[in-house]
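Have a look at the structure below, then the notes.
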Amino acid sequence: MKGQKHPRPWRFPGRALVLGLLAALVLAVPAGAVRTVPVQIDGTELEAVCHLEGGVTYVPLRALLNALGGWEVSWDKGQRAAVAVSGSSRLTASPAKGAVTVDGRTRSGRVYVQEGVTYVPLRTAVELLGGGVEWDAYFQGAAVTSPGAEHNAADFYWLSRIISAESRGEPLEGQIAVGNVVLERVESEDFPNSIPEVIFQYADGVVQFEPVENGTVYLDPTEQSVEAARRTLRGEKSLEGAMFFYAPALSEGVWINDNRTYLATIGCHRFYL
């Protein structure tokens, strides 16, 4: 991480700039244009082509329900609609009616068939199923938290990736400690108040976490890092109160050593209050 370069905590003055640049990229696409966007469900990217059109994300119904698990999908020729069944639950997506229905609850929304694939509006379908959807500016796509999920999808996605990028190869205890630092910052008044914002924070034009600068935060996380993120979000702690760390093999840590209180060493990282 790069927090040692700053003489005092910052309250994310670069957030507006970063989100402004991301918004500019979106606005650069003509209104009404269709573009491909990623979708992730509970931290795992959906392996399907999804479209953004008119501010609405459309996903292949079968791919969405396969990712959620437990659904059987078919095409009903009589209704001219896609029908999915899971236990006693039934979902119908009708292109003709422009609607999605789940267990008798109906919401209007464009449903269309393209090359034999039925597309549905993501938010409409997921909310009818009891889940949640948010637009993740850092992911530049939609994050889906499935019904009954233990953790918010965007939090889980980015925490597992920053842990993996910062501590790949470290013991599980050390990876959880990195996750603890992120959550301590979220709770502090001196840092942003969400996991993605803490990870992508710029202070005085400098990133706080090196993987954001070198791009490794976007790599798929290791299985152990995913487990570390899960345990961290459940409240497991390797240490209390640490908000800074560095690896002596990679950095001298001058600012941290001079300005923060040493707490512990785990693996290759030194942690500070």
inquiry  = Just to be sure before I move on: is GLU45 over 17 Å from LEU128 (Cβ atoms) and within 18 Å of the chain's Cα centre (by Cα) in the structure I sent?
reply    = yes
note = The condition from (1) farther than 18 Å from LEU250 by Cα; (2) out of contact with any Phe, Trp or Tyr (no Cβ under 8 Å at 6 or more places or on another chain); (3) surrounded by fewer than 19 Cβ atoms within 10 Å (Cβ to Cβ) that ASN180 misses is numbered (3)
key: Residue satisfying all of: in segment 219-273; among the acidic types (Asp, Glu) and closer than 16 Å to ALA165 by Cα; surrounded by the fewest Cβ atoms within 10 Å (Cβ to Cβ) among these   = GLU223
request  = Collect the residues in segment 209-218 that are not in a loop (DSSP other than H, G, I, E, B) and not polar (S, T, N, Q), keeping them in residue-number order.
outcome  = GLU210, PRO211, VAL212, GLU213, VAL217, TYR218
ask   = What single numbered condition from (1) touching a strand residue (DSSP E or B) at 6+ places or on another chain (Cβ under 6 Å); (2) on the phi > 0 side of the Ramachandran plot fails to hold for GLY241?
value = (1)
query = Quick check: is even one residue across segment 207-227 out of contact with any strand residue (DSSP E or B) (no Cβ under 6 Å at 6 or more places or on another chain), of a type in the set (D, E, K, R) and closer than 22 Å to GLY141 by Cα?
reply = yes
message = Can you list residue pairs whose Cβ atoms sit under 9 Å apart, with the first residue in segment 184-208 being assigned to a loop (DSSP other than H, G, I, E, B) and the second being surrounded by fewer than 21 Cβ atoms within 10 Å (Cβ to Cβ) and hydroxyl-bearing (Ser, Thr, Tyr)? Count only pairs 6 or more apart in sequence or on different chains.
response = PHE200/TYR138; GLN208/TYR202
inquiry  = Just the residues that are surrounded by fewer than 22 Cβ atoms within 10 Å (Cβ to Cβ), in contact with a Cys (Cβ under 9 Å, 6 or more places away or on another chain) and either acidic (Asp, Glu) or assigned by TED's automatic domain parsing to the domain that holds ARG230 (or both), please, taken from segment 129-173.
reply    = GLY169
ask   = outside the structural domain of LYS237 (by TED's automatic domain parsing), touching a Gly at 6+ places or on another chain (Cβ under 7 Å) and either closer than 30 Å to ARG270 by Cβ or buried (at least 19 other Cβ atoms within 10 Å of the Cβ) (or both): does that describe THR118?
value = no
inquiry  = Suppose we filter ALA165, ALA67 for residues that are assigned to a helix (DSSP H, G or I) and within 17 Å of ILE195 (Cβ to Cβ); which single one remains?
reply    = ALA165
query = Which condition does LEU65 not pass, out of (1) out of contact with any Asp or Glu (no Cβ under 9 Å at 6 or more places or on another chain); (2) surrounded by 18 or more Cβ atoms within 10 Å (Cβ to Cβ), if it passes all the others?
reply = (1)
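The values are calculated or read from the model by the stated rules, or taken from the named source; none is laboratory data. Not measured: the values here are computed from a predicted model. Neighbour counts are summed over all protein chains in view; Cβ atoms, including those assigned to glycine, are modelled from backbone coordinates with ideal geometry.
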